[in-house]
């Protein structure tokens, strides 16, 4: 899925399993692993932040019928317990080599919380956890000026493609292990865990 940044504030590296962020000395939000209880709030947040066309974007082809990569679905909750941010990563096979990688997205933050640093915190948390779990590369479709701060670029994606309409200059990658995407070519393919019947919301 193509997605645009919703926050601009950068934060430092975050703990892997759980993050508690303070602003001005006050606890502002917590990042934790997503659970089934969070699904309705997550879907409502995505609808508000990304609009009704979010399911028609190219990355949806790679997520449809799949579950997020194990251990790589996160939400940010404010101090009242409300879900104010979400990010998930998905297993994909990279091009002709079918090397394993992750596709990040959607990243979204409640529009009323755009300046709280939640998006940056979610990105750093997700990257740290993916590295901790031994993944070697992360791809996404997004704006290079925003995602460049996290190390994403087009340097290794010139010969890669998404399975649907997208803008080539927005296909970005971050190698967690140097050389993972060297010479990578071809179209990304869905991989990883499949959804059980009747649980489509997990892939939204």
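The values are calculated or read from the model by the stated rules, or taken from the named source; none is laboratory data. As the structure is a computational prediction, the values presented were derived from the model and not from experiment. Virtual Cβ from ideal backbone geometry, glycine too; neighbours counted across all protein chains shown.
Restricting to segment 108-131, name every residue that is under 25 Å from residue 186 (Cα atoms) and buried (at least 17 other Cβ atoms within 10 Å of the Cβ).
The answer is 127, 130.
Which condition number does residue 147 fail, the rest of (1) modelled with pLDDT of 95 or more; (2) touching a helix residue (DSSP H, G or I) at 6+ places or on another chain (Cβ under 9 Å); (3) more than 15 Å from residue 104 (Cβ to Cβ) being met?
(3)
If you scan segment 168-180, which residues turn out to be outside any strand (DSSP E or B), closer than 21 Å to residue 61 by Cα and without any contact (Cβ under 8 Å) to a residue 40 or more places away in the chain?
If the condition is that a residue be outside any strand (DSSP E or B), closer than 21 Å to residue 61 by Cα and without any contact (Cβ under 8 Å) to a residue 40 or more places away in the chain, then 168, 169 are the ones that fit.
Has segment 83-91 got any residue that is surrounded by fewer than 20 Cβ atoms within 10 Å (Cβ to Cβ) and under 19 Å from residue 142 (Cα atoms)?
No: segment 83-91 contains no residue that is surrounded by fewer than 20 Cβ atoms within 10 Å (Cβ to Cβ) and under 19 Å from residue 142 (Cα atoms).
State whether one or more residues within segment 69-79 are modelled with pLDDT of 95 or more and within 17 Å of residue 189 (Cα to Cα).
Within segment 69-79 (the criterion being modelled with pLDDT of 95 or more and within 17 Å of residue 189 (Cα to Cα)), the answer is yes, since at least one residue qualifies.
Which of the following residues is farther than 27 Å from residue 65 by Cα, free of Cβ contacts under 8 Å to residues at least 12 places away in the same chain and surrounded by fewer than 19 Cβ atoms within 10 Å (Cβ to Cβ): 134, 158, 151?
One residue alone meets the criteria, 158.
For residues in segment 23-54 being surrounded by 13 or more Cβ atoms within 10 Å (Cβ to Cβ) and within 23 Å of residue 163 (Cβ to Cβ), which is modelled with the highest pLDDT?
46
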